[in-house]
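Beneath this line is the structure, given in structure tokens, with notes to follow.
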Amino acid sequence: MRRAIPVVILGAWVLAGAACGRSRPVASLSVEPVTVNLPHPAVAPMRFRWSPTAPLGRVAGKPRVFVHVLDGGRRLLRTFDHPLPETWTPGRPQDYEIELYQSAIAEPLAAGAYEITVGLYDDGEKKRWPLQVDGEEVGRQEYRLATLVVPAAPAPAPTFEFSGGWRAVEPGSSKQVVARRCLDGEGGISVGAPPSSGTVRVASSILTSGGAPAVARWTVSASCSPLEVSVTGTELTWVAVPLAPAEGPACEIRFLPAAAAGGVSQPLCLEVLAWRPATP
């Protein structure tokens, strides 16, 4: 008996330690829709509903959400990572929408069904937090929450014709931007008549090399809309151009370089170009 007592005590201690080592979820998360239809070159919305239940503790960088699109072999094909729109506060829900897209300047995903996995991570230390979800954990705090369906037929969309000093399409900088097209000097995109009402989604940034800061400034405007947006950095700048069915060319989206600081000229790069039909 005397020899058995230490073994029993040790076993209880190990079990207690394992229980203490388990991390409780910092939030519950749901998304909708759980089946996302995404033809090429289109945009599809996805809504996130967070209910924070615990503080995140020490964060080296900023909390970010990763959204991965995986094939049947669990190979990463696309990402749609994004920051949380509000400060993380237990008891304060966050409800927002992101856009999944297939860009017109990138090769389309093959027709079929793909996994959408989601998680919350610290972009400084790359650590992840556990979540409570109605879905399967398929990796280290990575949760399968939805399915992406790419139909065989492309989406009805307006045509896009490039003019000006556009370079050839080149690989993008990440799985979030898989292809891009950069511009030297002025340029434009002539948008043909859309099949229905909707918006053209354009994302652009300034190309730099060797870690140099983005010192140039570009202006994006549209002949069919009063919008005018400045692009001044390496982060994606989004522009939404509303369109309605019309005869002939519906709109001209213009890209104009402004005077660069210190006389340094840096190209603008078109990172995403896609069509989002209006919601019925």
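Could you list all residues from the range 132-150 that are without any contact (Cβ under 8 Å) to a residue 60 or more places away in the chain and not in a strand (DSSP E or B)? Reasoning before the result, please.
So the first thing to find is which residues in the range 132-150 are without any contact (Cβ under 8 Å) to a residue 60 or more places away in the chain, and the list is 135-137, 139-141, 144.
Answer for the range 132-150, where residues must be without any contact (Cβ under 8 Å) to a residue 60 or more places away in the chain and not in a strand (DSSP E or B): Gly135, Arg140, Gln141.
Only one of these is surrounded by fewer than 15 Cβ atoms within 10 Å (Cβ to Cβ) and touching a residue at least 12 places away in the same chain (Cβ under 8 Å): Pro63, Pro90, Pro85. Name it. It would help to see each step written out before you state the result.
On the way: Pro63 fails: surrounded by fewer than 15 Cβ atoms within 10 Å (Cβ to Cβ); Pro85 fails: touching a residue at least 12 places away in the same chain (Cβ under 8 Å).
Answer to the selection: Pro90.
Looking at Ala278, is it in contact with a Gly (Cβ under 7 Å, 6 or more places away or on another chain), under 20 Å from Glu99 (Cα atoms) and at pLDDT 85 or above? Don't jump to the end; show me each part of the working.
Values: in contact with a Gly (Cβ under 7 Å, 6 or more places away or on another chain): yes; under 20 Å from Glu99 (Cα atoms): yes; at pLDDT 85 or above: yes.
Taking the combined requirement at face value, the residue satisfies it.
Only one residue in Ala259, Ala212, Ala250 is touching a strand residue (DSSP E or B) at 6+ places or on another chain (Cβ under 8 Å) and at pLDDT below 95. Which one?
Numbers: Ala259 fails: touching a strand residue (DSSP E or B) at 6+ places or on another chain (Cβ under 8 Å); Ala212 fails: touching a strand residue (DSSP E or B) at 6+ places or on another chain (Cβ under 8 Å).
Only one candidate passes the filter, namely Ala250.
In the list Ile116, Ile105, which residue meets the criterion of being within 28 Å of Thr199 (Cα to Cα), out of contact with any Cys (no Cβ under 8 Å at 6 or more places or on another chain), in a loop (DSSP other than H, G, I, E, B) and of a type in the set (Val, Ile, Thr)? Break it down into steps so the answer makes sense when it comes.
Numbers: Ile116 fails: in a loop (DSSP other than H, G, I, E, B).
From the options Ile116, Ile105, the qualifying one is Ile105.
Kindly provide the set of residues from the range 31-43 that are within 22 Å of Ser197 (Cα to Cα) and crowded, with 20+ Cβ neighbours inside 10 Å, ordered by number.
Leu38, Pro39, His40, Pro41, Ala42, Val43
Please work out if Pro154 is over 30 Å from Gly57 (Cβ atoms), surrounded by fewer than 18 Cβ atoms within 10 Å (Cβ to Cβ) and touching a His at 6+ places or on another chain (Cβ under 6 Å). I'd like the intermediate steps shown before the answer.
On the way: over 30 Å from Gly57 (Cβ atoms): yes; surrounded by fewer than 18 Cβ atoms within 10 Å (Cβ to Cβ): yes; touching a His at 6+ places or on another chain (Cβ under 6 Å): yes.
Answer is yes for this residue.
Which of the residues spanning the range 151-177 are of a type in the set (D, E, K, R) and touching a residue at least 40 places away in the same chain (Cβ under 8 Å)? Walk me through how you get there before you give the answer.
The initial filter retains those residues of the range 151-177 that are of a type in the set (D, E, K, R), namely 161, 167, 170, 175.
The answer is Arg167, Lys175.
Please enumerate the residues belonging to the range 122-141 that are touching a strand residue (DSSP E or B) at 6+ places or on another chain (Cβ under 8 Å) and under 27 Å from Glu271 (Cα atoms).
Step one: list which residues in the range 122-141 are touching a strand residue (DSSP E or B) at 6+ places or on another chain (Cβ under 8 Å), which gives 122-123, 127-129, 131-141.
Listed by number, the residues that qualify are Asp122, Asp123.
Scan the range 100-110 and tell me whether some residue there is within 24 Å of Pro277 (Cα to Cα), surrounded by fewer than 18 Cβ atoms within 10 Å (Cβ to Cβ) and under 15 Å from the mean Cα position of the chain (by Cα). Reasoning before the result, please.
Step one: of the range 100-110, the residues within 24 Å of Pro277 (Cα to Cα) are 100-110.
Pick out the ones that are also surrounded by fewer than 18 Cβ atoms within 10 Å (Cβ to Cβ) and you get 107-108, 110.
Those left that are additionally under 15 Å from the mean Cα position of the chain (by Cα): none.
Scanning the range 100-110, I find no residue that is within 24 Å of Pro277 (Cα to Cα), surrounded by fewer than 18 Cβ atoms within 10 Å (Cβ to Cβ) and under 15 Å from the mean Cα position of the chain (by Cα), so the answer is no.
The values are calculated or read from the model by the stated rules, or taken from the named source; none is laboratory data. Small disclaimer: the values here were computed from a predicted structure and weren't measured. Backbone-built Cβ (ideal geometry, glycine too); neighbour counts: all protein chains shown.
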